[in-house]
Amino acid sequence: MIKIFCVRCGACIESCRFDAIDSDFNVGPFSCEGCRVCGIVCPVSAITFTQRKAGEIYVSETKYGPMVHAFLFPGEENSGKLVIMTRLFASIVAQENKKSLVIIDGSPGIGCSLISSITKVNYALVVIEPTESGIHDLERLLELLKHFTITPLVVINKYDINEENTQRTEKYCALNNILVLGKIPFDPIVTEAMVEGVPVVEYNRDSPVVAVIKDIFQKVTKILAT
Ligand code: SF4
Ligand code: SF4
């Protein structure tokens, strides 16, 4: 077997968009995303890859149905692959349980893990808050969804914390033919329910928040049925 040595050309350092390779050609275990670009650009094939366990996937039973979820180990950033594996398990569990629908709780932002969450989905329910950063994130996310030809649906959360921004968001969605399914008011019972570890729809069934969430749920169900 011939051992191949690095010729120190620097191509891997230049190509690594995560800056995971230092000037001595050491790879940072916590900054490497495992994208394998360095292996592709290396002219002498001096880079080899080993498998690394980044997290664990669990299948749980809940009173609402099966739930597939994952635990990413501390310091691990390679969550895109874990999302893909979790989705794969979810598809298998759905098939085994004869479920026709898989609901994915998508990752925040617009990075690798979000792209892994939304690839090949039919609809994306985008929940935003009416803040400057919320509107900015919405615009970036809608562009991404357009790129992947995924139909966006929008919900404005805590709409009454800034009604002016809520109107801006509604106007933006109307101009871009995006359906706003509902506006959820701010209510501290949501935090109370989270602290108690109970879904808000069960924590206080008479809350106006719950009425809006149920209305949004009905609309989503109707859209999925068409
Ligand atoms: S696998 Fe990707 S992230 Fe890791 S060092 Fe190579 S280019 Fe950088
Ligand atoms: S691309 Fe390959 S040969 Fe060039 S510095 Fe990196 S490991 Fe060495």
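Since every read-out is calculated from the coordinates, none of them should be taken as a lab result. A quick note: this is a predicted structure, and the numbers were derived from the prediction, not measured. Ideal geometry is used to build each Cβ from the backbone, glycine not excepted, and the neighbour counts take in all protein chains shown.
Before anything else, pin down the relative contact order of the chain: Cα pairs under 8 Å, at least 6 apart, normalised by residue count, whole percent.
Values: 261 pairs, mean separation 22.1, N = 226.
10 percent.
Cα centroids of region 99-171 and region 178-226: how far apart, whole angstrom?
Value for the Cα centre distance between the two parts: 16 Å.
Going by a 4.7 Å Cβ-Cβ cut-off, which cysteines of the chain have no partner at all?
Singleton cysteines: Cys6, Cys9, Cys16, Cys32, Cys35, Cys42, Cys112, Cys173.
Give the relative contact order (percent, whole number) for region 122-226; include only Cα pairs under 8 Å separated by 6+ residues.
So the answer I get is 23 percent.
Rounded to whole Hz and in sequence order, give me ³J(HN,Hα) for region 92-106 from the Karplus expression 6.51 cos²θ - 1.76 cosθ + 1.60, θ = phi - 60°, writing x for Gly and Pro.
5, 4, 4, 4, 4, 9, 6, 9, 8, 10, 10, 9, 10, 7, x
Kindly rank 124-135, 45-56 from highest to lowest mean number of other beta carbons found within 10 Å of each residue.
Ranked by mean Cβ neighbours within 10 Å, highest first: 124-135, 45-56.
Three principal axis extents, largest first, for the C-alpha atoms of region 51-113, in Å?
Projected onto its principal axes, the Cα set of region 51-113 covers 35, 24, 20 Å.
Out of residues 5 or more away from Gly55 or on other chains, whose amide H comes under 5 Å of its own, with H placed 1.01 Å from N in the peptide plane?
Those lying under 5 Å, H to H, from Gly55 are Phe73.
Taking the alpha-carbon distance from Lys214 and a cut-off under 14 Å, which aspartates and glutamates remain once sequence neighbours fewer than 8 residues away in the same chain are dropped?
Glu202, Asp206
Report the charge-dipole magnitude of the chain in Debye, nearest 20, computed about the Cα centre from +1 at each Lys and Arg Cβ and -1 at each Asp and Glu Cβ.
The dipole magnitude comes to about 1060 debye.
Starting from the Cα of Glu164, step 7 Å along the direction of its Cβ; do the same at Ser23; then give the gap between the two resulting points in nm.
Rounded to a tenth, the inter-label distance reads 4.9 nm.
Mind giving me the nanometre distance, one decimal, between the label points for Ser15 and Ala211, set 7 Å out from Cα along Cα→Cβ?
If labels sit at Ser15 and Ala211, their model points lie 6.0 nm apart.
Using helices alone, I'd like the mean residue ellipticity at 222 nm for the chain: each DSSP H run of four-plus residues gives -39500 (n - 2.57), total over residue count, nearest 500.
-12500 deg cm²/dmol
May I have the pair-distance distribution P(r) for the chain, computed from all Cα-Cα distances with 5 Å bins from 0 and rounded to whole percent?
Calculated P(r), rounded to whole percents: 1, 5, 11, 12, 14, 15, 13, 9, 7, 5, 3, 2, 1, 0, 0.
With charges only on Cβ, +1 for K and R and -1 for D and E, what is the dipole size of region 1-50 about its Cα centre, in debye, rounded to 20? Could the numbers behind the result be given before it?
Working: 4 positive and 5 negative charges, 47 e Å.
Computed about the Cα centre, the dipole is about 220 debye.
With θ taken as phi - 60° and the coefficients 6.51, -1.76 and 1.60, list the Karplus ³J(HN,Hα) couplings across region 12-22 in order, rounded to whole Hz; mark glycine and proline as x.
Values, residue by residue: 5, 4, 5, 8, 6, 6, 9, 6, 8, 10, 7 Hz.
How many percent of Cα pairs in region 123-226 exceed 22 Å?
Beyond 22 Å sits 35 percent of the P(r) for region 123-226.
Along the charge dipole of the chain, Cβ charges K/R +1 and D/E -1, which of Asn176, Ile213, Val198 sits furthest on the positive end?
Asn176
Could you give me D for region 1-50, from Stokes-Einstein at 4 °C and 1.567 mPa s, where the hydrodynamic radius is the Kirkwood radius over C-alpha pairs? Units µm² s⁻¹, please. Before the final figure, lay out each step's value.
Details: Rh = 11.2 Å.
The estimated diffusion coefficient comes to 116 µm²/s.
Once phi is turned into θ = phi - 60°, what whole-Hz ³J(HN,Hα) does the Karplus curve with 6.51, -1.76 and 1.60 give for every residue of region 184-194, x standing for Gly and Pro?
Per residue, the Karplus-derived 3J(HN,Hα) values read 9, x, 6, 8, x, 5, 5, 5, 4, 4, 5 Hz.
Work out the FRET efficiency for Glu132 and Phe186 from their Cβ-Cβ distance, taking R0 = 22 Å, and round it to the nearest 0.05.
Efficiency at R0 = 22 Å is approximately 0.80.
Any idea what the relative contact order of region 1-61 is, in percent, if you count C-alpha pairs under 8 Å spaced at least 6 apart?
So the answer I get is 32 percent.
Scan around Glu129 for amide H atoms under 5 Å from its own, H built in the peptide plane at 1.01 Å from N, and keep only partners 5 or more places away or cross-chain.
Correct list: Asn157.
I'd like the GluC sites (Glu not before Pro) in region 174-223 restricted to DSSP loop residues with at most 16 other Cβ atoms within 10 Å, sorted by number. Let's see the in-between values first.
On the way: sites: Glu192, Glu196, Glu202; in loops: none.
Passing sites in region 174-223 do not exist.
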